[in-house]
Amino acid sequence: HASEDPILSAEKEVRDWASQKSSEIAQLKAQEKYRREFLSNISHEFKTPLFSVQGYIETLKDGLIEEDVVLATNFLNKASKNIDRLVYLLNDLDEISKLETGQITINLEKFDIIELIHETVESLEDRAKEEAIRIIIDVKNSQPIYVKADRQRIQQVIINLINNSIKYGKEGGRIKINTYPLLDQILVEVTDFGVGIDEKNLPRVFERFFRADKSRSREVGGSGLGLSIVKHIMEAHQQTVQVRSTEGMGTTFGFTLEKAKAGN
Ligand code: ADP
């Protein structure tokens, strides 16, 4: 039998070893590339607000603070907004790294998803009003629907999706929130009628730091982390999140939740 030939079997062992090593090396290289890109993305995201804060402070130092109090105050407000942005970015990064390294625990509890949607929409209504956007919650679903999930993290998911719909939605338009009962699950959908997402970018929107060019050109603030946080949270719940979109027409994001069984 060929495999019993000591030379052949030694050769096979060496080949196996070499192929295992080369796949390990490929994996390490991929990790290294990922880390490099991650760092370069982070530094890019941090540089913009930091440089602008630096610019405002320099100008104030150079005398603006005495010359023009109104403009100086305006610059201070802008600097403060940029600092806020950095804080949001850090929070998102912190959240992402916890989610990616499995350092978070999902606290499952039973709650009414309809109530959570109403509560969340209320907290975002002022922001929506700034863009003259109306948020419409499907009225068919005024009955409570109990789900089993991490309430706080699901609220984060809803916030991120609605915030995106406000950012990329149509000014003066609407955002619709629908819920659909499935067999053992509930599907929640957030729909806007805004810029939409190019078909080629659709599979990439959940990647961290991914931002479609359109959104850059609209210059809406954002880190490109919101949807990857959404995806991680849904995966930690062993549930799904999907997107469908038509460029120039609008976008629908949908996620599922497990229905709570009677009594738990
Ligand atoms: P951010 O909004 O901070 O850029 P996200 O991870 O939330 O990051 O979204 C990633 C990208 O997906 C956005 O930059 C945008 O290009 C696209 N996107 C997300 N939501 C929508 C939406 N409702 N309509 C159109 N494009 C969207």
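Taken together, the values in this text are just the output of simple stated rules run on the coordinates, not laboratory data. The structure presented is a predicted model; accordingly, all values stated were derived computationally and were not measured. Glycine also receives a Cβ, built like all others from the backbone with ideal geometry; neighbour counts cover every protein chain displayed.
Which semi-axis lengths, in whole Å and largest first, follow from the square roots of five times the eigenvalues of the Cα gyration tensor of the chain? Walk me through the numbers before you get to the answer.
Details: eigenvalues 325, 203, 60 Å².
Equivalent ellipsoid of the chain: 40, 32, 17 Å, largest first.
Determine the gain in length on full extension of the stretch ASP213-LYS200; use 0.36 nm per residue of separation and subtract their C-alpha separation, reporting nm with one decimal.
Numbers: separation 13, 0.36 × 13 = 4.68 nm, distance 1.18 nm.
Working it through step by step, the gained length comes to 3.5 nm.
Starting from the Cα gyration tensor of the stretch 138-264, take the square roots of the eigenvalues, sort them a ≥ b ≥ c, and report rounded, prolate or oblate (rounded when a/c is under 1.5, otherwise prolate if a/b is larger than b/c, else oblate). It would help to have the intermediate numbers written out before the result.
On the way: a/c = 2.23, a/b = 1.62, b/c = 1.37.
The shape class here is prolate.
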(message) Run the simple label-point estimate for ALA262 and GLU11 please: 7 Å along Cα→C-beta, distance reported in nm.
(response) 7.0 nm
(request) Output the pairs from LYS47/LYS81; LYS47/LYS170; LYS98/LYS200; LYS176/LYS259; LYS98/LYS231 with a Cα-Cα distance over 20 Å in this structure; if there are none, say none. (result) LYS47/LYS170; LYS98/LYS200; LYS176/LYS259
(message) Modelling each spin label as a point 7 Å along the Cα-to-Cβ direction, I'd like the GLU109/VAL243 distance in nm, to one decimal.
(response) 3.1 nm
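Based on the alpha-carbon gyration tensor of the stretch 134-190 and its eigenvalue square roots a ≥ b ≥ c, which shape applies: rounded if a/c is under 1.5, prolate if not and a/b is larger than b/c, or oblate?
oblate
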(message) Considering only C-alpha atoms, what is the centroid distance from the stretch 189-209 to the stretch 84-149, in Å?
(response) 18 Å
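Where in the chain are the helices, taken as whole DSSP H runs, whose Cα atoms extend 30 angstrom or more along the long axis and whose Kyte-Doolittle mean reaches at least -0.5? Before the final figure, lay out each step's value.
Details: long enough: 6-59 (78 Å, -0.71); 69-100 (46 Å, 0.10).
Qualifying helices: 69-100.
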(request) Could you calculate the contour length gain from HIS118 to VAL69, that is, 0.36 nm times the residue separation minus the distance between their Cα atoms, to one decimal place in nm? (result) 13.4 nm
(message) Can you give me the distance in nm between label points at ALA18 and GLU4, each placed 7 Å from the Cα along the Cα-to-Cβ direction?
(response) 2.7 nm
(message) What aspartates and glutamates does LYS12 reach when the alpha-carbon gap must be under 12 Å and sequence neighbours fewer than 8 apart in one chain are set aside?
(response) GLU4
(request) May I ask for the net charge around LYS29, where only other residues with Cβ less than 15 Å from the Cβ of LYS29 are counted and Lys, Arg are +1 while Asp, Glu are -1? (result) +1
(message) Using only DSSP helix segments of four residues or longer, with each worth -39500 (n - 2.57), what per-residue ellipticity at 222 nm results for the chain after dividing by its residue count and rounding to 500?
(response) -18500 deg cm²/dmol
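With Rg and the Kirkwood Rh both taken from Cα atoms, where does Rg over Rh land for the stretch 87-192?
0.99
Roughly how big is the stretch 70-194's charge dipole about its Cα centre, with Cβ charges of +1 (Lys, Arg) and -1 (Asp, Glu), in debye to the nearest 20?
Values: 16 positive and 20 negative charges, 59 e Å.
Once rounded to the nearest 20, the dipole reads 280 debye.
DSSP beta bridges in the chain, what fraction antiparallel, as a percent rounded to 5?
Values: 27 of 31 bridges.
Close to 85 percent.
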